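See below for the structure under consideration.
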Amino acid sequence: MVLWSLQGIHIMSGQQDSVPRSASPTILVVDDEPSITKLCKTILQQAGFLVLEADGSSEALKICTQHEGPIDLLLTDLILPPPGFQLASSSNQFPHVHGHELALRALRMRKNLRVVLMSGNIDKDLAGYGIRLGNLPFLSKPFDQQALVALVRQTLGAPLPSIESLTEGPSGVPKVGDGWVD
């Protein structure tokens, strides 16, 4: 069953497969669509994870800076909309950036962070935005409950990503710049 809207969500009891509360990893979910954020939060909480949420990259960067506890995994949409056209402001500590740039900045702030990128756009469309997946796990929207939880668990058990793995790419693939900045 594909889970896309909250009205059609059916979290299956008996399939919780919870992580013990004392060892619950903290997941930061970032998506500009509130229904997707809420859906991910519901699924991940029922799987035993602690969940923080942000409606965009600016709020996510603020959480990465100000949250006192650990953040074990960043689950972010790749195509986060830029704010209204503005000139870059060096005074804004938490700029709006797309998901790949958010991952880079969050990894610089939190060295023990793992990242999962998600999008409804297929891989070839992402290159048109100047976005690459690097070596990061990718979740295609729409997704189902089991796929989300399985990928999060798998990523939490994998080695930490390096910033270099996100900035190096195959020839011919655009490198990500500074993303959108406000």
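General observations
- Nearest-0.05 FRET efficiency for His67 and Ser35, computed from C-beta distance (R0 25 Å): 0.60
- Order of Glu164, Glu68, Glu101 - criterion: other Cβ atoms within 10 Å of each residue's Cβ, fewest first: Glu68, Glu164, Glu101
- Under 5 Å, built H, 5+ apart or other chain: amide partners of Phe143: Leu3
- Modelled label reach - Arg153, point 7 Å along Cα→Cβ, region 49-68 residues with backbone N closer than 18 Å: 49-51
Only the coordinates and a few stated rules stand behind these numbers; no lab work does. This is a predicted model, so every value here is computed, not measured. Using ideal geometry, Cβ is built from the backbone for each residue, glycine included, and neighbour counts are taken over all protein chains shown.
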